[in-house]
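Supplied in structure tokens, the structure appears directly below.
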Amino acid sequence: MGRFRRPGRRVRKTDRPPLPSEIWVLIAAAFCVAVGFGLVSPVLPQFALSFGVGVAAASAIVSAFAAMRLLFAPVSGRLVQMLGERRIYLVGLLIVALSTGASAFAQTYWQLMVLRSLGGIGSTMFTVSSMALVIRLSPPTERGRVTGLWSTCFLIGGLSGPLIGGALAGFGLRAPFLIYAAALLVAVAVVYFNLRDSRITESESAADAATVSFMQGLARPEYRAALWSNFANGAAVFGVRMALVPLLVVEVHGQPSGMAGVALTVFAAGNATVLFYSGRLSDTYGRRPLLISGALVCAVGTTGLGLSPNLAWLLVTSFVAGIGSGLFTPAQQAAVGDIIGSRARGGTMLAGFQMSQDLGTVLGPIVVGAIAQQLGYGAGLAATGSLLAVAAIAWFVVPEPMRRASIEPEPESPGMVEPPEQTMAAPGNTHNAADAEAGGGDRTGTSAGENAANSKR
């Protein structure tokens, strides 16, 4: 397993099937969500403080959103299994839109707490169902490309939000909530009218929709590796980086707090450098090379943050960590898609995958913060880097997800059994695999003719 081979022939641009129009609709909606989240996040703690509470209570508003995402994820997965991806997607977006708009009119701290908690529920419904939609609508040979586009869109939207928020600062603390809510309502309408006649709607109406369960996923070593690497990703990228790096910049290097924002932005710049292309590379060369190299590069960069002798080296290591994260994030999501396949609903598997990241985001700053307090920032960030290194080892010892058939779904009613999706054949049989993928390999319609027909709807 130490040597990488291409899981199939190299796909030329002219060979790539066009992406379904629904994918572009979902990407546009995701951009709106990311911009709005970036718009609201900077003002939320200040808005909470305006109710006369302390810093701890203001921080609890942020934690409540994250906690509800974590707690409600299993329910979201089951809802996707029972009701279908599109319905849960739209309901989740509506909950976030309405709770965010209502937050602008909150008169007390506890009203804001309840509304943001509801927003966390809607957020996890949106996250799980959107991943499921992307998996089912993406051609198997283009999953990495689609997840790269998806991740790039979220990154750009998240960076744009605070800039737009700065321009709107003169309108008060409540304005960003109203603008975000309005943008989400527009996104709901766009998604509804563009997906109501989609093939996914037809599959939702069938009572015999096939599903794959979380326990089926756990039986696959690739899925277990994905759970661990997503936990490490949540701990390192979304937890420790946001919590410890600003403190490292200010307390250890004696820089003003504004430089902490620069360090975080440099990470995002490294991420953006490779994020779009890494997904395509994973489609061509397989998921494991990108997952292993990305996790190792991110581990080196994360560990280097704690060993940086000055601010310049800290910025360099932050950029390196961003590159590593950008290398493995699209490949990781595409790998989960390979495991589930596009013929079945994998809501509970995706919920477990999302929960692993949220759990890392919650536990990472607490555990690593305690290590940093006792042994120093260098030890804390080295411990974080070791999580990523273990993730690289985990992906090194498991099979390539693109080489194996997806999990055979469990039909809800007797008589409906479809063969598992074979995303890639071994080298030497690549023409048959390419034909299958371009034609009938995806029930959601991966052929160029079907996609073109649907894009005219």
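Under the condition of being open to solvent by 10 Å² or more (accessible area, probe 1.4 Å), hydrophobic (A, V, I, L, M, F, W, C) and in contact (Cβ under 8 Å) with a residue 40 or more places away in the chain, which residue from the stretch 345-366 is nearest to L79 (Cα to Cα)?
Going through the qualifying residues, I end up with M355.
Restricting to the stretch 55-80, count the residues that are free of Cβ contacts under 8 Å to residues at least 40 places away in the same chain and open to solvent by less than 40 Å² (accessible area, probe 1.4 Å).
Here the count works out to 1.
Conditions tested, residue by residue: (1) buried (at least 24 other Cβ atoms within 10 Å of the Cβ); (2) touching a Leu at 6+ places or on another chain (Cβ under 6 Å).
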| position | (1), (2) |
| --- | --- |
| P256 | no, no |
| S282 | yes, yes |
| S308 | no, yes |
| V320 | no, no |
| G324 | yes, no |
| G341 | yes, no |
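I would also like to ask the following. So the check is Cβ under 6 Å with 6+ separation or different chains; which pairs have a first residue in the stretch 314-332 that's farther than 9 Å from C298 by Cα and a second one that's among the basic types (K, R) and open to solvent by less than 10 Å² (accessible area, probe 1.4 Å)?
Close Cβ pairs satisfying both conditions: A331/R287.
With the checklist (1) open to solvent by less than 40 Å² (accessible area, probe 1.4 Å); (2) in a helix (DSSP H, G or I); (3) under 27 Å from Y285 (Cβ atoms) in hand, flag the one item A372 doesn't pass.
Here A372 clears every test but (3).
Condition (residue is at pLDDT 80 or above, of a type in the set (S, T, N, Q), open to solvent by less than 10 Å² (accessible area, probe 1.4 Å) and under 20 Å from G286 (Cα atoms)) applied to the stretch 128-138: is it met by at least one residue?
yes
Next question, about the same structure. Name the residues in the stretch 39-54 that are in a helix (DSSP H, G or I), over 20 Å from T361 (Cα atoms) and open to solvent by 30 Å² or more (accessible area, probe 1.4 Å), would you?
Q46, L49
Can you tell me how many residues within the stretch 137-160 are assigned to a helix (DSSP H, G or I) and over 16 Å from the mean Cα position of the chain (by Cα)?
5
Look through the stretch 219-229, keep the residues that are open to solvent by 50 Å² or more (accessible area, probe 1.4 Å) and assigned to a helix (DSSP H, G or I), and return whichever of them is farthest from D338 (Cα to Cα).
Only one residue fits best here, namely W228.
Additional query: Does the stretch 266-276 contain any residue that is part of a helix (DSSP H, G or I), under 24 Å from E400 (Cβ atoms) and modelled with pLDDT under 85?
The answer is yes, given that some residue of the stretch 266-276 is part of a helix (DSSP H, G or I), under 24 Å from E400 (Cβ atoms) and modelled with pLDDT under 85.
Turning to a different aspect of this structure: Using the structure shown, decide if P289 is modelled with pLDDT under 90, open to solvent by 10 Å² or more (accessible area, probe 1.4 Å) and over 19 Å from the mean Cα position of the chain (by Cα).
no
Within the stretch 108-127, does at least one residue satisfy the condition of being open to solvent by 10 Å² or more (accessible area, probe 1.4 Å), within 30 Å of T284 (Cβ to Cβ), in contact with an Asp or Glu (Cβ under 6 Å, 6 or more places away or on another chain) and touching a residue at least 12 places away in the same chain (Cβ under 8 Å)?
no
The values are calculated or read from the model by the stated rules, or taken from the named source; none is laboratory data. If you're wondering where the values come from, they're calculated on a predicted model, not measured in any experiment. For neighbour counting, all protein chains shown are included, and Cβ atoms are generated from backbone atoms with ideal geometry for every residue, glycine included. These accessible areas exclude ligands, DNA and RNA; they are computed on the full protein's heavy atoms, side chains included. Shrake-Rupley method; radii C 1.70, N 1.55, O 1.52, S 1.80 Å.
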